[in-house]
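*Asks:* Next up is a structure, given as structure tokens.
The values are calculated or read from the model by the stated rules, or taken from the named source; none is laboratory data. Just so you know, these numbers come straight off a predicted model, no measurement behind them. A quick note on method: Cβ atoms are made from the backbone with ideal geometry, for glycine too, and the neighbour counts reach across all protein chains shown.
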Amino acid sequence: MLVGVCDFPGSYAFPPAGYGGIERWLWAVAVGARAAGADVHLLGPGWLQDLEADWARKPVRLEDVTAGSLAERELKAAGYDLLVVGHEYPSLPAWVRTWSQLGGDVATFQHSPVFQHTESAFDGKRSRLYCYSPEMIERYAAHQPIPELAVHLGLNEEEPPSAAGQDLVWLGRIDEEKAPHLALRAAQILGRRIRIVGPVFDEDYVRRYEKLFTADHVEVVGEVGGPAKTAALRDASTFVYTYARTYVEAGAAVFGESLRAGTPIAALVWRTGTCAEAALCDQTGAITVVDPGVDDETAAISLAEAIEQAEALDHRQVQSIGQHRFDPARHFEGMAARPC
């Protein structure tokens, strides 16, 4: 099987070091495809140059290809069985025009809760959309979405054997949608230290909650990648997951990243059917479902209780389950198979 994994114009490299959503997912699909025995071409100029020794790179984007050109003929001659692409592209006419000439399938994962596809983007067979959670399946029901847990990888983030970690960790982009202030307050209630890992996307948000972000129990690490990112997860006793009341999580990377490192998750959610519910079980984490009408203090108290529950879980079992549930080869094989 020949698989083309397509990049797109953006601010992050392919694969990214540290933060990155769709970019990390595309890299996980490429790694998983090769582990599953497929031949893989990395399509587009965004893939890192130093991958050339181990990976076949083709610096062409389908949306830039002219009808009847040499580039189109070369793509067609390659005989791609499957193209994997960011979720916008099956609705981009220029990309679809070239793909329609190639004959293979296309698969994508819905990483945005608001992007609107064209009516003809997916047929559920040759063109397939995958969604993480029940609420995302419901939002995109018109496009025949297929349930699947997304796997995300960065460079040099292989997980060592799990360890009984210390303190708490929160990882992600730091802004109001991700609401890390709730994790900071929950840790404070418990008298626990917490590390905040990730890039600041909203300085105003950080200033609004400055007392929490600068409290003695909080360590703001910043964005890290590679072994440092893996260590930040592995060395924690519990990963604390939060998001804002009105935000819809499309496909959080942090669930797979934390569980593969052997760190259980305490998740605060505002309704059922979320990514947390899809990703976790009683052996890997604790979920507290909180009425969105309550205040932040009440929500933080509920999250603190979930943290205490999650800390009691066996980190070795968490890692075993996480590495199976979020295995890149398994993920690829699920996406590569046409539904019956």
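Quick grid of which residues meet (1) assigned by TED's automatic domain parsing to the domain that holds Ala236; (2) in contact (Cβ under 8 Å) with a residue 24 or more places away in the chain; (3) surrounded by fewer than 21 Cβ atoms within 10 Å (Cβ to Cβ); (4) outside any helix (DSSP H, G or I):
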site	(1), (2), (3), (4)
Ala286	yes, yes, no, yes
Ala300	yes, yes, no, no
Glu305	yes, no, yes, no
Gln319	yes, yes, no, no
Arg330	no, yes, yes, no
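*Asks:* Follow-up. Within region 76-126, count every residue that is in contact with a Cys (Cβ under 8 Å, 6 or more places away or on another chain) and on the phi > 0 side of the Ramachandran plot. I'd like the intermediate steps shown before the answer.
*Replies:* Within region 76-126, the first condition is being in contact with a Cys (Cβ under 8 Å, 6 or more places away or on another chain), and the residues that meet it are 83-86, 89, 109-110.
Now restrict to residues that are on the phi > 0 side of the Ramachandran plot: none.
Qualifying residue count for the region: 0.
*Asks:* Please specify each residue of region 112-152 satisfying the condition of being of a type in the set (S, T, N, Q) and touching a helix residue (DSSP H, G or I) at 6+ places or on another chain (Cβ under 7 Å).
*Replies:* Of all residues in region 112-152, those of a type in the set (S, T, N, Q) come to 112, 116, 118, 120, 127, 133, 144.
Thr118, Ser127, Ser133 - these are the residues of region 112-152 that are of a type in the set (S, T, N, Q) and touching a helix residue (DSSP H, G or I) at 6+ places or on another chain (Cβ under 7 Å).
*Asks:* Working only within region 124-146, note down all residues that are small (Gly, Ala, Ser) and crowded, with 19+ Cβ neighbours inside 10 Å.
*Replies:* Passing the criteria: Ser127, Ser133.
*Asks:* Got at least one residue in region 252-272 being at pLDDT below 95, among the polar types (S, T, N, Q), part of a helix (DSSP H, G or I) and within 20 Å of Val197 (Cα to Cα)?
*Replies:* Taking every residue of region 252-272 in turn, none turns out to be at pLDDT below 95, among the polar types (S, T, N, Q), part of a helix (DSSP H, G or I) and within 20 Å of Val197 (Cα to Cα).
*Asks:* Let me ask you something else. Starting from region 16-27, take each residue that is assigned by TED's automatic domain parsing to the domain that holds Gly225 and within 13 Å of Gly198 (Cα to Cα) and list its partners that are of a type outside the set (Asp, Glu) and part of a loop (DSSP other than H, G, I, E, B), counting only C-beta distances under 9 angstrom and pairs at least six apart or across chains.
*Replies:* From region 16-27, no pairs qualify.
*Asks:* Being in contact with a Cys (Cβ under 8 Å, 6 or more places away or on another chain) and either free of Cβ contacts under 8 Å to residues at least 40 places away in the same chain or within 18 Å of Thr108 (Cβ to Cβ) (or both): is that true of Leu42 here? Give the derivation first.
*Replies:* Numbers: in contact with a Cys (Cβ under 8 Å, 6 or more places away or on another chain): no; either free of Cβ contacts under 8 Å to residues at least 40 places away in the same chain or within 18 Å of Thr108 (Cβ to Cβ) (or both): yes.
The answer is no for Leu42.
*Asks:* Here's another thing I want to ask about it. Taking the stated definitions as given, is Arg338 in contact with a Lys or Arg (Cβ under 7 Å, 6 or more places away or on another chain) and either in the same structural domain as Pro180 (by TED's automatic domain parsing) or under 30 Å from Ala38 (Cα atoms) (or both)? Outline the logic, then answer.
*Replies:* On the way: in contact with a Lys or Arg (Cβ under 7 Å, 6 or more places away or on another chain): yes; either in the same structural domain as Pro180 (by TED's automatic domain parsing) or under 30 Å from Ala38 (Cα atoms) (or both): yes.
Criteria met by Arg338.
*Asks:* Surrounded by fewer than 24 Cβ atoms within 10 Å (Cβ to Cβ) and β-branched (Val, Ile, Thr): does that describe Val218?
*Replies:* On the way: surrounded by fewer than 24 Cβ atoms within 10 Å (Cβ to Cβ): yes; β-branched (Val, Ile, Thr): yes.
Yes, satisfied.
*Asks:* Quick one: would you say Ala121 is among the hydrophobic types (A, V, I, L, M, F, W, C), crowded, with 19+ Cβ neighbours inside 10 Å, within 27 Å of Ala107 (Cβ to Cβ) and touching a Leu at 6+ places or on another chain (Cβ under 8 Å)?
*Replies:* On the way: among the hydrophobic types (A, V, I, L, M, F, W, C): yes; crowded, with 19+ Cβ neighbours inside 10 Å: yes; within 27 Å of Ala107 (Cβ to Cβ): yes; touching a Leu at 6+ places or on another chain (Cβ under 8 Å): yes.
Taking the combined requirement at face value, the residue satisfies it.
*Asks:* Taking region 156-183 on its own, how many of its residues are among the aliphatic types (A, V, I, L, M), closer than 20 Å to Ala231 by Cα and surrounded by 18 or more Cβ atoms within 10 Å (Cβ to Cβ)? Spell out the reasoning first.
*Replies:* At the first step, the residues of region 156-183 found to be among the aliphatic types (A, V, I, L, M) are 163-164, 168-169, 171, 174, 179, 182-183.
Okay, now just the ones that are also closer than 20 Å to Ala231 by Cα, so 163-164, 168-169, 171, 174, 183.
Retained after the next criterion (residues that are surrounded by 18 or more Cβ atoms within 10 Å (Cβ to Cβ)): 168-169, 171, 174, 183.
Residues in region 156-183 being among the aliphatic types (A, V, I, L, M), closer than 20 Å to Ala231 by Cα and surrounded by 18 or more Cβ atoms within 10 Å (Cβ to Cβ): 5 in total.
*Asks:* Only one of these is buried (at least 24 other Cβ atoms within 10 Å of the Cβ) and among the hydroxyl-bearing types (Ser, Thr, Tyr): Thr230, Thr272, Thr238, Thr246. Name it.
*Replies:* The unique qualifying residue is Thr238.
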